[in-house]
Amino acid sequence: MTGTATRGTPRRSPDRDRRLPGDIDMWVMVLGDLFFFGCYFVTYMVFRALSVEEFSAAQRHLNIGIGVTNTVILLTSSVFAALGVIAVREGALKKAERLLLATGACGVLFTLLKVHEWHSEITQGYTIQDEFFSFYYVLTGVHLAHLVLGLLILGIAVRELRDPRGRRPGIIEQSVLFWHMIDLLWVVIFAILYLMR
């Protein structure tokens with residue numbers, strides 16, 4: 001029969017099925033950040049088009065191994081984060097907490113590798129005096145600042161899961177939404193800084 005729920009299966013609201021995760025404030029923040037980074041990506045591409053050989057020569061000094069490793073780390077963290085949201089929706093709060101902590105651990109590992117990479121580049125003399133590396137440090141630096149903010153937001157989400165009075169799924173969804181944005185931005189940064197020739 002149409003319009004009736006199977007016995008033992010709760011009927012889901014059509015509005016709930018269509019609901020975006022998080023809230024409008026987080027979406028505005030995410031879309032604003034994407035716009036900001038998009039403008040910077042376009043600026044980078046314009047400067048690169050004007051100095052293709054110089055940018056390509058400078059790119060060869062980047063550590064592609066660290067770039068690939070950091071990409072894998074952040075994509076893995078996104079899987080943990082998404083599974084964390086699913087666990088919250090299923091009421092498995094301890095599992096969700098472990099998954100968000102694993103997400104955060106990936107973020108910390110990414111940060112350590114990025115700082116190591118910066119140190120290596122700077123000690124070899126690749127500084128903001130070089131046009132390519134000025135873009136490199138700004139893009140990866142602003143991205144890393146967002147990642148640190150994402151770690152703080154994940155910490156708030158974990159605290160929410162541990163609070164018996166709280167446990168609002170919306171806060172978990174918002175933290176994961178922001179984290180996915182960080183991962184998406186890194187994939188683009190990795191592609192244009194490390195891979196594009």
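The values are calculated or read from the model by the stated rules, or taken from the named source; none is laboratory data. Just so it is clear, the structure is predicted and the values come from calculations on it, not from any experiment. When we count neighbours, we look across all protein chains shown, and the Cβ atoms used for this are built from the backbone with ideal geometry, even at glycine. The accessibility values were calculated without ligands, DNA or RNA, using every heavy atom of the protein model including side chains. Shrake-Rupley method; radii C 1.70, N 1.55, O 1.52, S 1.80 Å.
Using only the C-alpha atoms, the convex hull of the stretch 24-195 corresponds to 98 Å³ per residue. Can you tell me the 0 to 90 degree angle between the C-alpha axis of helix 64-89 and the longest principal axis of the chain, rounded to 10? Roughly 10 degrees between the two axes. Would you mind checking the tilt of helix 169-190 against the longest principal axis of the Cα atoms of the chain, expressed as 0 to 90 degrees and rounded to 10? Helix 169-190 sits roughly 20 degrees off the main axis of the chain.
Axis angle, to the nearest 10 degrees, between helix 131-162 and the longest C-alpha principal axis of the chain: 20 degrees.
Using a cutoff of 8 angstrom between alpha carbon atoms and counting only pairs six or more residues apart, the relative contact order for the chain works out to 31 percent. Computed packing ranks the peptides 77-84, 111-118 as 77-84, 111-118, most packed first, by mean other Cβ atoms within 10 Å.
With all protein chains present, how much of the accessible area of the chain (probe radius 1.4 Å) comes from carbon and sulfur, to the nearest whole percent? Intermediate values should be presented prior to the final figure.
On the way: 7330 of 11130 Å².
It is 66 percent, rounded to a whole number.
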